[in-house]
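Down below is the structure, laid out as structure tokens.
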Amino acid sequence: MWTSITTWIISNYTWFVALHVISIIAWMAAMLYLPRLFVYHTKVAPGSEASETFKVMERKLLRVIMTPAMIASWLFGLAIIAANSTYYLSSGWMHGKLLLVVIMTALHGVFARWVRVFAQDGNRRSEGFYRAINEAPTLAMIAIVILVVVKPF
Ligand code: HEM
């Protein structure tokens, strides 16, 4: 049973990589956009019409795009690893990539918690804080793509 699954994944390898890349593009787009919404959200008064609009945008971005795209990225990525686990799990570049992807996933969780904090008008952090945080997923994404495409070690 397992052999037929991995054989099927291998014979459709390029489709899995394509679906994986589509998923990570959506995930990264949301991970880079959400902290930007937080930046603008800090500039409006809690309870204002603008603040209520930002709450809807943040909640929909998280639930409709960011979380489903993260799940799809993991599913397609793990499926590719499962099809050739000896190679991938013994590759230094994949170890580095998975470490950064786990950090990206933890950041996702923190952003999700901040969506809830803003939804309860509980944010106490500054605009500058969210501008700085916005760089974290950007830097992780750059390092991940270099590791998986260049495979430097
Ligand atoms: C979520 C967990 C993830 C897993 C388990 C995973 C796993 C994989 C695997 C096994 C491949 C095939 C690599 C090869 O054969 O060369 C791959 C390809 C790729 N991954 Fe991921 N990945 C994940 C997340 C990400 C993220 C977050 C990014 C970008 C920010 C990313 C970017 C890419 C790219 C660009 C490729 C295509 C590389 C190429 O064809 O040259 N992956 N991934």
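Read-outs: derived from the displayed coordinates by stated rules, not from any lab. Predicted, not measured: the structure shown is a model, and the values here were computed from it. Methodologically, a virtual Cβ is constructed for each residue, glycine included, from the backbone with ideal geometry; neighbour enumeration extends over all protein chains shown.
State whether the residues of the stretch 64-84 include one that is within 10 Å of the chain's Cα centre (by Cα), surrounded by 18 or more Cβ atoms within 10 Å (Cβ to Cβ) and away from the ligand (no atom under 11 Å from the Cβ).
Yes, some residue in the stretch 64-84 is within 10 Å of the chain's Cα centre (by Cα), surrounded by 18 or more Cβ atoms within 10 Å (Cβ to Cβ) and away from the ligand (no atom under 11 Å from the Cβ).
Any chance the stretch 113-127 includes a residue that's within 16 Å of the ligand (Cβ to nearest atom) and either touching a residue at least 12 places away in the same chain (Cβ under 8 Å) or in contact with a Cys (Cβ under 9 Å, 6 or more places away or on another chain) (or both)? If you could, list the steps in order and put the result at the bottom.
Here is the first cut: in the stretch 113-127, the residues within 16 Å of the ligand (Cβ to nearest atom) are none.
No, that holds for no residue.
Kindly list the number of the only condition in (1) within 12 Å of the ligand (Cβ to nearest atom); (2) more than 13 Å from the chain's Cα centre (by Cα) that fails for Met141.
Condition not satisfied by Met141: (2).
Yes or no, residue by residue, for (1) closer than 16 Å to Ala30 by Cα; (2) surrounded by 15 or more Cβ atoms within 10 Å (Cβ to Cβ):
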{"residue": "His95", "(1), (2)": "no, no"}
{"residue": "Ala106", "(1), (2)": "yes, no"}
{"residue": "Gly109", "(1), (2)": "yes, no"}
{"residue": "Ala112", "(1), (2)": "yes, yes"}
{"residue": "Phe118", "(1), (2)": "no, yes"}
{"residue": "Asn123", "(1), (2)": "no, yes"}
{"residue": "Glu127", "(1), (2)": "no, no"}
{"residue": "Tyr130", "(1), (2)": "yes, yes"}
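In the stretch 85-102, which residues are more than 8 Å from the ligand (Cβ to nearest atom) and either touching a helix residue (DSSP H, G or I) at 6+ places or on another chain (Cβ under 6 Å) or in contact (Cβ under 8 Å) with a residue 40 or more places away in the chain (or both)?
Matches in the stretch 85-102: Ser91, Gly92, Trp93, Gly96.
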